[in-house]
Amino acid sequence: MSKIVNTQHLFGGGVDMDDLAGKKILVVDDAEADRMLISSYLLHQGCRVFHAQDGIDGIHKARLVLPDLILMDIEMPECDGYAACKVLANDPFTENVPVIFLSAYSEPEKRVQGLLVGAVDYIQKPYLFDEVKLRMAIHLRNRVSQKASAYNDLDEVRLDSEQANPINNILYHSARVHLLNSLSNAPSLQELARLVGTNAKRLNAAFKDMVGMTVYEYLREIRMNEARELLSNTHLSVSAIAAHVGFSSSANFSTAFKERFGTSPMKFKNQYPSPVKRSVKEYQ
């Protein structure tokens, strides 16, 4: 693990906290310790942090979350940072999301290669938290107008997809309503397909076309997002939340949650010690 220097106690911070507060940041790193260290810092800056364990996972999460900015390691198994960044830079859904590489590589050619594949910046490990914060804030400010344009383009891409595949659009939205209304006891793929008047293979194909994932993958994602909201905004226990989002055991839920967000449900919940009391019904 690369040593990361924390100098937050030495600097007052030249960047307004509001520059990062509320921003969706995707951290892509196969080293869990590094991933959690920078994520903990970003959470204290008010960011909404998402995790990916390698380049392939990073591509998938970026398309799903549409983050404001991505912090990505380079040396990762399966798909390294260079390859992942190149894919994201050529995807209309993610081409305008700035990518900053965080890497131990010091060679100038590595930095150049990072910029050539589409990254906007390169920060060498060990890094200062303040430097990461400043560079992130600069790129986020510089990209405000581009982001607005990107979201307009994204809407057009989605609209084009819906217009080009009207049947897939109908199947997807119909099935989505059923899933959202039955997270705790979702129908099987076959039953869901029957409810919307098609077969399982056709429904999976519609979901792949519309959102890039299967029905099961989509159900898992909305369950995890619902769980995250409940953990941060209610006093419900982990076991109660697990049951609400359709898990038969807290252990299975904890495993799935950590795989998705890089931390356990209890650790995530402890980041929000005094949530406003809300009922589950408010999230339905």
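Derivation of every value follows stated rules applied to the coordinates shown; laboratory data play no part. The model shown is predicted, which means the values in this text are computed figures rather than measured ones. Note that each Cβ is placed from the backbone with ideal geometry, even for glycine, and that neighbours are counted across all protein chains shown.
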Subject >> Two-decimal Rg to Rh for region 17-146 - Kirkwood Rh, Cα set >> reply: 0.92
**OP:** Obtain the nm distance between the two label points defined at LYS201 and LEU128 by a simple spin-label model: each point lies 7 Å from its Cα along the Cα-to-C-beta direction.
**Re:** 6.0 nm
Subject >> Cβ-based charge dipole, region 166-283, positive-most Cα from TYR172, PHE261, SER182 >> reply: PHE261
Original post:
With charges set only on the Cβ (+1 for Lys and Arg, -1 for Asp and Glu), what does the dipole of region 166-283 come to about its Cα centre, in debye to the nearest 20?
Top reply: 120 debye
Subject >> Karplus 3J(HN,Hα) series, Hz, for region 122-128 with 6.51 cos²θ - 1.76 cosθ + 1.60 (x for Gly, Pro) >> reply: 9, 10, 7, 7, x, 10, 8
**OP:** Sticking with the crude label model, points 7 Å out along Cα→Cβ, report the distance from GLU191 to SER232 in nm, one decimal please.
**Re:** 3.1 nm
Original post:
Between ALA31 and ILE222, what length comes free when the chain is fully extended (0.36 nm per residue of separation minus the Cα-Cα distance, one decimal in nm)?
Top reply: 66.2 nm
**OP:** Determine the dipole magnitude for region 17-146: charges of +1 sit on the beta-carbon of Lys and Arg, -1 on that of Asp and Glu, nothing else is charged, the reference point is the Cα centre, and the result goes in debye to the nearest 20.
**Re:** 500 debye
**OP:** Calculate, for ASN142 and HIS60, the FRET efficiency according to 1/(1 + (r/R0)^6) with r their C-beta to C-beta distance and R0 30 Å; round to the nearest 0.05.
**Re:** 0.70
**OP:** Give the residue from PRO126, VAL65, SER103 lying farthest towards the positive end of the charge dipole for region 60-138; charges sit on Cβ (+1 for Lys and Arg, -1 for Asp and Glu) and the dipole is referred to the Cα centre.
**Re:** VAL65
Subject >> Separation in nanometres of the label points that stand 7 Å from Cα toward Cβ, at MET266 and SER106 >> reply: 4.1 nm
